[in-house]
Amino acid sequence: MKSLRFFTFFLLPLFSALLMNATWRHAHHPPTWNPDAGYIPSWTEGASVTTSSNQKDAFNIIDGDPNTHWQSGGVVPGKDEGLLENMTIDFGQLRPVGQIHTRHWAGEVGTAISTTLLLSSDGIFWQKVAELDPTSLHMVITVLPKEINARYLRLEHQLVRKDWNKAYIWEVKAYDRFGPYGAMPPPSKGHVSIKEMLGVNGYWSFGTDQYSDQLAPLGGPYRFKPVASHLRNYHDMSWDLKTPSDLIDFVKMANGGGTPATEWLNWDREYKAWHEGAGMNVQASLQFYKFKPEDWKNPREEGRRYASAFTRHFGSKNGNGMICSIEAGNEPWHYPAEVYREILLGMAEGAESSDPTVEVFPCALQAFDPMAEKNGPWKNYIGDRITPESARLLDGINVHCYSYATNQDAKTSYNYAFEKDDHKRRGVQPEHSNSTFWEILNAIRWRNTNMPGKKIYLSEWGWDSDGAGEDCTHDVCVSEDAAAKYAVRGALIASRLGIDRATWFFHANDKSPSGLYTRSGLLGSSKTGFAKKKAFEALESLVAMLGDKYFLSVLQENEHGWAYLFGNAGGKATHLVAWRPVDSNVVVNRVVSIKLGKWKAKAAYSLMDEPGRNVLQYYATYKNGELVLNINDTPIVLELE
């Protein structure tokens, strides 16, 4: 009877899960397929729009194309005509409006009196919801205190009396309170520990121009053992091949014969230091950005041939086992979708035929904006680049999510507005409601619909900051303290979302002056001797405290404080982590009460404090059976008993 119970309650579900996974991976079609499953459409899609003048261009306001715009007819000399210009969008039915995104301009300073946003349920009685800056050119995001049920949205410009003075509107969008990223998914118990999830991006030699085995025991890949379980390499295919049609013999390379493109290169020596020396799992992003799309004469066959040779040599089935997963490109977003789809399918087929134990992922893609394939230089929409045919061979999807928000104080010129959208942005905390970090939610929804049960790799994330004696002065920089706190908070959120891998970009700063991503390292540049930055130390503390722990549940997730429960692989709660989801320039403490039930806190540690120092008396008390925490922007880890 005991053996029957064991089979019924343990082995049968396990076999069923394995069978479902195997069946899905090799099925001809996924269970369902919706290429736009992650996309959150604006209420303006399918709506109608009327304008006070120039009605023929009115649709440009809601066409989703940032390159089109509406302009008013202009203030008529000697008349009142054109002084009050507006557009009105009819959603067709009542919609819950919580966010309104507008890109408008009513001239330079002094050419407009006001720009007003209004909502109405019936088109007769209007409620003013915001006064906007008439001179804004960037996307302005208005978040309402609470949702308003409305059918009509109006943007109204009051212009000064100046002959032929005009107003412009590029785009208006409206969403519920969750905006274009959508709501957080319900929490579920984590399946990887904090340490298993965390990794670091690097490349050959880690900026030292020598093989990594020469950097032992404390340099290069060895340096990241306290903060990571895996390393991701930007494996440049142009180091291996002169053209995509070249053949490569990795065995010859391993024996000192080099590659067709680089006669001195030996990837075996480099990867051995990463995998065997540093004890890391290795993820290879097979980059081909240096090849032009037209260089591929037969993209599917050339992709298949290269990936087959690569996985046969580096996989665990027939090769040396140094590589556990590959990506079909890093960010080949200048490639036409039809070319990339063939390369992806070919690489997936090649890996499957040579070594199915090597996991295969696409390049980094996004499920947030389908218009990216039509507008702008970076064409990376997941719905256009992964097909049902390739999805069945893939082990998951791959995203890059940095934490930026539009700089609402940015000003640009009239001419610039017609050339391109205003991309001025700033680095923000990961919990910020309009942070691009939340594009990961769109990806999760897409995965859940089209590739359920498969993995999500967050293969690039992080913040640019000063530190290690190097300044950070460009637009998206945050302070070194902020980057350290956001790193920990971002990792905790990734664990809560069920992310399989979260790989920090980058291992070290670049030695060039401050610029986008040159200050994103966990370490300073070679100029500093690769000195540790505070983000490294913060992640080191996180791993020391919670490295072998798994996310269990959300205790609180609101504007007052976030609190997560972590525990061991068996589901026993061992730690609570709490913090305020605020900008790290805001350091005001707040008291929050959390119902812990049977658990009691026996110690508390700050991730930015002296390691091992118990600060329980400063942050936690009990009142009426509830844990009362005095928290700020720095995560506090409570050990439970």
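The values are calculated or read from the model by the stated rules, or taken from the named source; none is laboratory data. Computed from a predicted model, the values in this text were never measured in an experiment. Note: ideal-geometry Cβ built from the backbone for every residue, glycine included; neighbour counts use all protein chains shown. These area figures cover heavy atoms from the full protein model, side chains too; ligands, DNA and RNA do not enter into them. Shrake-Rupley method; radii C 1.70, N 1.55, O 1.52, S 1.80 Å.
By the beta carbon rule, with partners counted only under 4.7 Å, the chain holds these lone Cys residues: CYS324, CYS363, CYS401.
Set the Cα radius of gyration of the chain against 2.2 N^0.38 Å, with N its number of residues, and you get 1.04.
Subtracting the Cα-Cα distance of GLU131 and LEU144 from 0.36 nm times their residue separation leaves 3.5 nm of extension gain. Taking other residues whose beta carbon is less than 14 angstrom from the beta carbon of SER512, and scoring Lys, Arg as +1 and Asp, Glu as -1, yields -1. Taken along its principal axes, the alpha carbon cloud of the stretch 462-540 reaches lengths of 36, 25, 19 Å, longest axis first.
Stokes-Einstein diffusion for the stretch 242-341, with the hydrodynamic radius set to the Kirkwood value over Cα pairs and evaluated at 10 °C in a medium of 1.306 mPa s, equals 110 µm²/s.
What does the helix-only formula give at 222 nm for the chain: each DSSP H stretch with n ≥ 4 adding -39500 (n - 2.57), the total divided by the residues, and the result rounded to the nearest 500 deg cm²/dmol?
The per-residue figure over the chain is -5500 deg cm²/dmol.
Neighbours of ILE40, meaning other residues whose beta-carbon lies under 14 angstrom from its beta-carbon, give a summed charge of -1 when Lys and Arg score +1 and Asp and Glu score -1. A protection proxy built from the mean count of other Cβ atoms within 10 Å ranks the segments 187-193, 133-139, most packed first, as 133-139, 187-193. Taking the longest Cα principal axis of the chain as reference, the axis of helix 12-26 is set at about 70 degrees.
For ASP548 and PHE59, a Förster radius of 45 Å and the Cβ-Cβ distance give a FRET efficiency of 0.20, rounded to the nearest 0.05. Of all beta bridges that DSSP places with both ends in the chain, some 70 percent have antiparallel geometry. Using the Cβ-Cβ distance between THR32 and ASP90 with R0 set to 41 Å, the FRET efficiency from 1/(1 + (r/R0)^6) comes to roughly 0.80. The length gained on full extension between GLU610 and GLU639, counted as 0.36 nm times the residue separation minus their Cα-Cα distance, comes to 8.8 nm. Overall, the accessible surface of the stretch 490-590 at a probe of 1.4 angstrom is composed of carbon and sulfur to the extent of 50 percent.
Along its first, second and third principal axes, ordered by size, the stretch 31-156 spans 65, 31, 24 Å in Cα coordinates.
Over what distance in Å are the Cα centres of the stretch 364-383 and the stretch 437-451 separated? Answer, in whole Å: 14.
Rolling a 1.4 Å probe over the protein heavy atoms gives the chain an accessible area of 42 Å² per residue. Surface composition of the stretch 143-205: carbon and sulfur atoms hold 49% of the protein heavy-atom accessible area at a 1.4 Å probe.
Counting Lys and Arg as +1 and Asp and Glu as -1 over every other residue whose Cβ lies under 12 Å from the Cβ of GLY346, the net charge comes to -2. Applying 1/(1 + (r/R0)^6) with r as the Cβ-Cβ distance of THR357 and ALA531 and R0 = 41 angstrom yields a FRET efficiency of 0.60.
Taken along the Cα-to-beta-carbon direction at a fixed 7 Å, the label points for ILE124 and LYS623 span 5.0 nm. Based on Cα contacts under 8 Å between residues 6+ apart, the chain shows a relative contact order of 12 percent. Fully extending the segment from ASN320 to ASP249, taken as 0.36 nm per residue of separation minus the present Cα-Cα distance, adds 24.1 nm.
Once Rg and the Kirkwood radius are both taken over the C-alpha atoms of the stretch 579-641, their ratio Rg/Rh works out to 0.96.
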